[in-house]
Amino acid sequence: MSAAVLGVIAAVAFAFFSPGTPRLGGVVFGAVFLLGAALSVLRYRSWTYEVREDSLYLERGVVTRVKTVVPYVRIQHVDASRGPLERTFGLATTVVYTAGSRGADVSIPGLTPERAEDLQTRLKQLAIAAEGEDAV
């Protein structure tokens, strides 16, 4: 969606404000759309997560690779959310809120609604079990 929006903006800008031909806007739209679509596919394929014995592991990023480890004892709560665009495509996101100050939540997008709810339930159970082990 963002690739299409940026493509339309670029095409309109080039069509009205460029000294070149109006077809240049169509060419720019095609180029921006293809570049955005390629980046979206790369971002989707670069996402991975793993529910480990003691933590949730996430790895993501196309240009900059980010590896995140969330110990279960740090999990505050877990949400499964579905925005309007996600509902349109039958997708959902699991959001894990952690104890911390900056960037204290991680999201796992692109899941089916059933998988997002299963992951939410599983992480909740693992967090409860980990807190019992770590309690004073």
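Odds and ends about this structure:
- Comparison of 87, 82 shows that the only residue that is at pLDDT 90 or above, farther than 17 Å from residue 123 by Cα, within 14 Å of the chain's Cα centre (by Cα) and basic (Lys, Arg) is 82.
- Test: residue 7 is surrounded by 13 or more Cβ atoms within 10 Å (Cβ to Cβ), of a type outside the set (S, T, N, Q), over 18 Å from residue 62 (Cβ atoms) and at pLDDT below 75: yes
- Every residue from the range 43-57 that is surrounded by 13 or more Cβ atoms within 10 Å (Cβ to Cβ) and more than 19 Å from residue 121 (Cα to Cα): 43, 46, 47
- The set of residues in the range 83-99 being under 27 Å from residue 129 (Cα atoms) and surrounded by 13 or more Cβ atoms within 10 Å (Cβ to Cβ) consists of 92, 93, 94, 95, 96, 97, 98.
The values are calculated or read from the model by the stated rules, or taken from the named source; none is laboratory data. A quick note: this is a predicted structure, and the numbers were derived from the prediction, not measured. With ideal geometry, Cβ positions are generated from the backbone for all residues, glycine too; neighbour counts draw on all protein chains shown.
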